[in-house]
Amino acid sequence: NAKENDRGKFCIFSTGMNKRVFEYLWLDTHLRKALDLQQLVIDYQPKIDINGEVVSAEALVRWNSPERGLVPPESFIPYAEESGLIVPLGRWVLLNVLTQIADWQRRGISLRVAVNVSPRQLIDQRLYNDLKKALNDAQMTDCPLDIELTESCLIENEEQALALMQLFRQLGAQIHLDDFGTGYSSLSQLTRFPINAIKLDQSFIRGVNVQPVSQSLVRAIVAVARALDLCVIAEGIETVEEDKFVIANGVNIRQGFLHAKPMPAEALEHWLKHRR
Ligand code: C2E
Ligand code: MG
Ligand code: MG
Ligand code: MG
């Protein structure tokens, strides 16, 4: 309104672009603090093989903000990637996950954990050094981590990314290619990088039982993965029909709300104990 627009304070944030600037500035102060104030939390979402065994859980970060409540990662990870805050944030996630794994191991729960890693973290050798030290501190001889990378990780800083992936593999970590099929990587890149598994993006899984195009894509990707000896994981499975389709078509591991939603570590323990 015109009256407010006369006053600089009100009109600054009146356009879409300025809203984004405002959001950026808000995140810039608050997310940094959130990290220091331990306001970030990690949920875990199980992954299940075709025999129904839980093979791992994916760590998914959330922000428990006093002002905004539980903020999903999509609202702050892109900002963290742009600002560089993803490096300390990702480090926090990684170290927290390792502490959790060590705690589970002490109590007889052996579970791999998948961690999402952004391109920006992959050009930083410190990530590897931190991981190696943390494994040493926890007296773990094998690294029970699956590093989930997106295709953009393979394209930006190829050489450095490749070197770091090889180091992770030497520690015993696995490399998984997340959201597969949505990026710009070529099939040849699957052979050039030391990848263990590909994660079919949920856009191919949604309604796959009734979508001929998705069906063809899933079948084609599974065939390529087979030829390259890669494991195939399907994410975002919400219905029994989708689940049946992916199993019938050679997917090795399933993840989605049908099986379990992401949940806090204690809830996952309870879920593991009481599932049949
Ligand atoms: P992603 O790694 O592809 O994770 C899958 C997302 O799909 C998660 O959303 C998960 O909660 C959601 N999901 C799982 N099953 C289903 C389903 O059956 N139906 C539907 N509709 N959704 C399902 P979330 O937790 O909101 O995470 C979103 C994205 O944020 C992740 O996508 C990942 O790219 C990023 N992210 C989360 N945690 C981290 C982190 O610690 N570091 C980095 N760099 N990125 C993270
Ligand atoms: Mg992921
Ligand atoms: Mg994904
Ligand atoms: Mg995704």
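Please treat every number below as a calculation from the coordinates, not as lab data. Treat the numbers as computed from the prediction; the structure is a model and nothing was measured. In this analysis, Cβ positions are derived from the backbone assuming ideal geometry, glycine residues included, and neighbour counts consider all displayed protein chains.
Before moving on, here are some points about what is shown:
- Taking other C-beta atoms within 10 Å as the exposure proxy, His30, His274 rank His274, His30 from fewest upward.
- Taking each residue as 0.36 nm, the span from Tyr24 to Ile247 lengthens on full extension beyond its C-alpha to C-alpha distance by 76.0 nm.
- Bins of 5 Å from zero: percent of alpha-carbon pairs in the chain: 1, 5, 11, 15, 16, 16, 14, 9, 5, 3, 2, 1, 1, 0
- Segment 98-149: Rg to Rh, with Rh as the Kirkwood radius over Cα pairs: 0.99
- Here the Gaussian network model covers the chain, with springs between Cα atoms less than 10 Å apart; of Glu151, Glu81, Glu53, Glu53 fluctuates the most.
- Reciprocal of mean inverse Cα separation for segment 22-68 (Kirkwood radius, Å): 12.8
- Mean residue ellipticity at 222 nm, helices only, the chain: -14500 deg cm²/dmol; runs of at least 4 DSSP H residues each add -39,500 (n - 2.57), and the sum is divided by the number of residues.
- Full-stretch length increase - Arg106, Arg169 - with 0.36 nm per residue and alpha-carbon distance subtracted: 20.3 nm
- Among Leu60, Leu35, Leu154, the largest mean-square fluctuation in a Gaussian network model of the chain, built with springs joining Cα atoms closer than 10 Å, belongs to Leu35.
- Pairs from the table (Lys132/Lys244; Lys199/Lys273; Lys33/Lys261; Lys33/Lys132; Lys19/Lys133) lying more than 30 angstrom apart at Cα are Lys132/Lys244; Lys19/Lys133.
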